[in-house]
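Structure, as structure tokens:
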Amino acid sequence: MTHSPSLPRRSSDEQLRLEAMLRDLFEHRIRFNEYLGLKMLSFDPERPCIGFAMRNDLVGNYIQGRLHGGMISATLDTVGGLAVVVAVAEKYHHETADQIAHRFGRVGTIDLRVDYLRPGMGERFVAAGWVTRLGGRIASVQMSLENEAGVPIATGAAAYVIS
């Protein structure tokens with residue numbers, strides 16, 4: 001992503017404030033994410049990540065103890081939304097955390113595709129998202145979910161409205 005050279009970047013203190021705000025938003029204020037146990041692992045603008053630990057209440061196949069497909073889908077959608085918000089924060093790198101938070105209120109999923117590659121087996125899972133196109137109104141994102149051994153569980157593609 002390119003940055004406008006004429007506008008200064010937000011200060012490192014303001015960047016830390018933004019990350020703390022996003023962590024609170026994604027981990028606690030979005031109560032569904034809190035219920036699922038999703039944790040922000042990285043705010044890397046190129047590939048932000050979230051993770052969660054396997055729990056009995058996340059099992060979809062009780063005989064084999066596999067992760068529920070809805071948990072996989074929800075996680076991919078969440079990391080896709082995080083990737084969009086982080087990309088928007090980078091695009092508007094001169095804005096304050098509060099200004100970026102206001103922009104977040106306009107982000108919403110408009111299309112989501114999930115490809116389930118393997119059974120969701122593992123103790124811990126990590127999802128990553130990367131923006132492939134950040135337009136004026138729509139963002140396109142690719143996502144992946146792996147277990148702690150790096151085994152790909154699912155991939156996803158999504159479109160988000162951003163204005």
For the range 38-71, enumerate the residues that are of a type in the set (Val, Ile, Thr) and out of contact with any strand residue (DSSP E or B) (no Cβ under 7 Å at 6 or more places or on another chain).
63
Give me a count of the residues in the range 8-48 that are among the hydrophobic types (A, V, I, L, M, F, W, C), out of contact with any Phe, Trp or Tyr (no Cβ under 9 Å at 6 or more places or on another chain) and more than 15 Å from residue 95 (Cα to Cα).
6
Taking the range 144-163, which residues are surrounded by 13 or more Cβ atoms within 10 Å (Cβ to Cβ) and under 17 Å from residue 88 (Cα atoms)?
158, 159, 160, 161, 162
Can you pull out every residue in the range 125-145 that is over 19 Å from residue 43 (Cβ atoms), outside any loop (DSSP other than H, G, I, E, B) and of a type outside the set (A, V, I, L, M, F, W, C)?
133, 140
Considering the range 46-71, residues that are assigned to a strand (DSSP E or B) and within 17 Å of the chain's Cα centre (by Cα), and then whichever is surrounded by the most Cβ atoms within 10 Å (Cβ to Cβ), we arrive at 50
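Pick from the range 97-112 the residues that are assigned to a strand (DSSP E or B) and touching a helix residue (DSSP H, G or I) at 6+ places or on another chain (Cβ under 9 Å): which of them is surrounded by the fewest Cβ atoms within 10 Å (Cβ to Cβ)?
108
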What are the residue pairs meeting all of these: first residue in the range 11-22, first residue farther than 17 Å from residue 41 by Cβ, second residue in a helix (DSSP H, G or I) and modelled with pLDDT under 95, Cβ atoms under 8 Å, and 6 or more apart or on different chains?
14/97; 17/97
Taking the conditions exactly as written (under 18 Å from residue 153 (Cα atoms) and modelled with pLDDT of 95 or more), does residue 109 satisfy them or not?
no
Selection within the range 95-141 - within 20 Å of residue 29 (Cα to Cα) and of a type outside the set (D, E, K, R)
96, 97, 99, 100, 101, 102, 104, 105, 107, 108, 109, 127
Exposed (fewer than 15 other Cβ atoms within 10 Å of the Cβ), of a type in the set (Lys, Arg) and modelled with pLDDT under 95 - does that describe any residue in the range 4-11?
yes
Exactly one of these conditions fails for residue 85: (1) under 23 Å from residue 147 (Cα atoms); (2) in contact (Cβ under 8 Å) with a residue 24 or more places away in the chain; (3) among the hydrophobic types (A, V, I, L, M, F, W, C). Give me its number.
(1)
The lone condition residue 56 fails out of (1) at pLDDT below 95; (2) in contact with a Leu (Cβ under 8 Å, 6 or more places away or on another chain) is (2)
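The values are calculated or read from the model by the stated rules, or taken from the named source; none is laboratory data. Note that this is a predicted model, so its numbers are computed, not measured. Here the Cβ is made from the backbone with ideal geometry for all residues, glycine too, and neighbour counts use every protein chain on show.
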